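S.K.: Here you go, one structure.
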Amino acid sequence: MAIAVAAVDAGADVIELGVPFSDPLGDGPVIQRASERAVARGTRLVDVLKLAAEIRAARPAAGLVIFSYFNPILHYGLHRFADEAAAAGADGVLIIDLIVEEAASYLTEMKRVGLAPIFLAAPTSPDERLEAIAKNSTGFIYAISRVGITGTQQSLTNDAASLVARIKRWSTLPGAVGFGISNAEHVAQVAEFADVAVIGSAIVELIEHSTEETAPGAVARFIKGLQLPEAALAR
């Protein structure tokens, strides 16, 4: 809770709350270890939803996305999850291993409760899938910067820019770029062609190497260091 509030106060527009899962196959070592720690402590989906409600009460204007694999939600019950995520004040849901072609029931539930369904678009996604993602997404479209798992990287590839350009053929929603964004230079590069930079592993690793007392401040300083000058934002 303290870390999330510190992140918002430091300038983060949207908070992704990850649901711990025993087999996070789309994630790299940093988030895998975070899931392992959370699972070992007994953290469940219901705990994440409770935290979401607390963040929403503390920072009403913050964007709030529940990030999960489908298994915990399926086990919890899709209808129940939709009701409780909406009641907790979430704005949207990202299920990393649910493709749009198999998401009919999920989309129905998201629409019923007014939550934004967010899908991952990859550089390898065919045009037909990108068009379907654009048609069925609300909130923003999440373009992954590379094929593979989450984790920091030294430099961005050209795949991300070309992917965002392809998505814009079918959607006027904000384009978010994630997977590997880990420093101010990356954020500046993303700002040249996209609307949102998503940072996960770099922050999770920072938390891993901090104490409970120092983590909120460390995360706040990191986020403040990512922000672009006003001149760049006005372009």
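The values are calculated or read from the model by the stated rules, or taken from the named source; none is laboratory data. These numbers were taken from a predicted model, which means no experiment stands behind them. Here the Cβ is made from the backbone with ideal geometry for all residues, glycine too, and neighbour counts use every protein chain on show. Ligands, DNA and RNA are stripped out before the accessible areas are found, and what is left, the full protein with its side chains, is counted by its heavy atoms. Shrake-Rupley method; radii C 1.70, N 1.55, O 1.52, S 1.80 Å.
S.K.: Relative contact order of the stretch 69-200, please, whole-number percent, based on alpha carbon pairs below 8 angstrom and at least 6 residues apart. Working shown, then result.
M.R.: Numbers: 206 pairs, mean separation 25.0, N = 132.
That works out to 19 percent.
S.K.: Rounded, prolate or oblate: which fits the stretch 165-226 when a ≥ b ≥ c are the square roots of the eigenvalues of the alpha-carbon gyration tensor, with rounded for a/c under 1.5 and prolate only if a/b beats b/c?
M.R.: Values: a/c = 3.18, a/b = 2.67, b/c = 1.19.
Prolate shape, in that a/c is at least 1.5 and a/b is the bigger ratio.
S.K.: Where Lys and Arg each count +1 and Asp and Glu each count -1, what net charge lies around VAL113 among other residues with Cβ under 12 Å from its Cβ?
M.R.: Numbers: positive: ARG80, LYS111, ARG112; negative: ASP83, GLU84, ASP91, GLU109.
That works out to -1.
S.K.: Tell me the net charge near ALA61. Cut-off is 12 Å between Cβ atoms, ALA61 excluded, with +1 for each Lys or Arg and -1 for each Asp or Glu.
M.R.: On the way: positive: ARG56, ARG59; negative: ASP9, ASP13, ASP91.
Combined, the nearby Lys, Arg, Asp and Glu give -1.
S.K.: How much net charge surrounds LEU74 when only other residues with a Cβ under 13 Å from its Cβ are counted (Lys, Arg +1; Asp, Glu -1)? Present the calculation step by step, with values, prior to reporting the outcome.
M.R.: Details: positive: ARG80; negative: ASP97, GLU102, GLU109.
Once all neighbours under 13 Å are counted, the net charge is -2.
S.K.: How would you rank 60-69, 103-112, highest first, on the average number of other Cβ atoms within 10 Å across their residues?
M.R.: 60-69, 103-112
S.K.: Sort 120-127, 190-197 by packing, meaning the average of other beta carbons within 10 Å per residue, with the highest value first.
M.R.: Averaged packing, sorted descending, gives the order 190-197, 120-127.
S.K.: Using a 1.4 Å probe, how large is the accessible area of PHE179, given in Å² and rounded to the nearest 10?
M.R.: Taking all protein chains as shown, PHE179 has close to 20 Å².
S.K.: How big is the stretch 59-138 on each of its three principal axes, counting only the C-alpha atoms and giving the largest first in Å?
M.R.: Cα extents, longest axis first: 36, 30, 19 Å.
S.K.: Further question on the same structure: How far apart, in nm, are two points set 7 Å out from the Cα along the Cα-to-Cβ line at ARG41 and at LEU25?
M.R.: Each label point lies 7 Å from its Cα, and together they span 2.7 nm.
S.K.: Please state the equivalent ellipsoid semi-axes for the chain: what are the square roots of 5 times the Cα gyration tensor eigenvalues, largest first, in whole Å?
M.R.: On the way: eigenvalues 115, 111, 58 Å².
In descending order the semi-axes read 24, 24, 17 Å.
S.K.: Applying a 10 Å radius around every beta-carbon, put 199-208, 73-82 in order of their mean neighbour count, most first.
M.R.: Details: 199-208: 19.5, 73-82: 16.5.
Per-residue Cβ counts within 10 Å, averaged per peptide and sorted highest first, yield 199-208, 73-82.
S.K.: I've got another one for you. For the stretch 27-115, what does the relative contact order come out to in percent, with C-alpha contacts under 8 Å and a separation of six or more? Before the final figure, lay out the partial values.
M.R.: Working: 68 pairs, mean separation 27.8, N = 89.
Result for the stretch 27-115 is 31 percent.
S.K.: So what are the radius of gyration and Dmax for the Cα set of the stretch 1-114, in Å?
M.R.: Values for the stretch 1-114 (Cα only, Rg and Dmax): 13.8, 38 Å.
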